[in-house]
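Following: one structure in structure tokens, then a few remarks.
What follows draws every value from the coordinates through simple rules; no lab data is involved. These figures come from a predicted structure and were not determined experimentally. For neighbour counting, all protein chains shown are included, and Cβ atoms are generated from backbone atoms with ideal geometry for every residue, glycine included.
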Amino acid sequence: MKDDHKTPFRDAHTDRDTAQDVPDTPQTRAPAYRLAFADDDFLCREELRPVRLQLELLKPQMNLDEYGVQSTIVMFGGARIPEPAQKDKARTKTLADLSSFYDEAREFARLMTERSKACSGRENVIVTGGGPGVMEAGNRGAVDAGGVSIGLNIVLPHEQAPNEYVTPDLCFNFHYFAIRKMHFLMRAHAICVFPGGFGTLDEMFEALTLIQTGRMDRVPFLLFGQAFWEKIINWEALSDAGTISAEDLDLFRFVETAEQAIDVIDNWGDVSCRDSIPGR
């Protein structure tokens, strides 16, 4: 990470390196002697959680700022959705049928990245969760267009490497789901949700709640695959029950193809925050 800020004080890197070459004594071997910021055991203590939360917010923020990323197009979707060429290996017939959305996600990311490159290349950068499935398709589409894309990975018990299409300088790893979600949405100019499971539903509803309650701009919000979404969620039942308002059903649009999605984004209209919540 580049640091152009100069001070008259001796820098932390130098002292960290110097501290590694001190004489070997009982005192210098003791954990208490380690520099606090270079002591992994200390930083992982329960009491240091607030510091770790701040670090996870700051590191991607500083890297993205230094890279010049101004805004993003968010792509959520299932890690288990295969590319069509691999659909015969899908666990279920439904997953195999959903493989068409891999290609739509890839094409959407390609088209959006081409448009981004035609401007500064730093607006509307594709961001995914950095994993397989729809996430891989999004990052792959950006590569198809010769552009960059962001991957926001999370440490899981079944840890896997980020997909090979994420731009290495924009590939991040998180411990805290909450901070990862903030980085998904902090720069979002549009949110695209493809079929997926618990993780996709969690990300979708969190973002919709922020928009519904006026805590976030009403950015274009697209659900790819109307048949899938209407099968797993009875949207009208929520409205009929009064747990959401009929107006909340206008917060998102169903689309089937990359071209439809871009047309909806281009003609979305007002993106300002709600100043009141319908039905309250």
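Here are some notes:
- FRET efficiency for the pair LEU57 and CYS273, taken as 1/(1 + (r/R0)^6) with r the Cβ-Cβ distance and R0 = 30 Å, rounds to 0.85.
- At full extension, ASP266 and GLN27 could sit 79.6 nm farther apart than now, given 0.36 nm per residue minus the alpha carbon distance.
- With Rh defined as the Kirkwood radius, the inverse of the mean 1/r over Cα pairs, the Rg/Rh of region 105-201 is 0.94.
- Cross-link pairs exceeding 31 Å between alpha carbons, from the set LYS59/LYS87; LYS89/LYS117; LYS181/LYS231; LYS59/LYS89; LYS6/LYS181: LYS59/LYS87; LYS89/LYS117; LYS59/LYS89; LYS6/LYS181.
- More than 25 Å apart - percent of Cα-Cα pairs taken over region 68-266: 32
- The order of VAL143, VAL127, VAL193, going from fewest to most other C-beta atoms within 10 Å of their C-beta, is VAL143, VAL193, VAL127.
- 0 to 90° range, to nearest 10: angle between helix 134-144 axis and the chain longest Cα axis: 80
- Residues of region 82-123 with amide N under 18 Å of a point placed 7 Å along Cα→Cβ from TYR67: 109-123
- Going from the fewest other Cβ atoms within 10 Å to the most, the residues HIS175, HIS183 appear in the order HIS175, HIS183.
- Relative to the dominant Cα principal axis of the chain, helix 100-118 is inclined by about 70°.
- Per-residue Cβ neighbour rank within 10 angstrom, fewest leading, ILE265, ILE233, ILE126: ILE233, ILE265, ILE126
- Sites GLU46 and LYS231, calculated FRET efficiency, Cβ-Cβ separation with R0 45 Å, nearest 0.05: 0.55
- Computed E for GLN86/ALA38 - FRET, C-beta separation, R0 30 angstrom, nearest 0.05: 0.10
- Short-range pairs are left out: with C-alpha atoms under 8 Å and at least six residues apart, the relative contact order of the chain is 16 percent.
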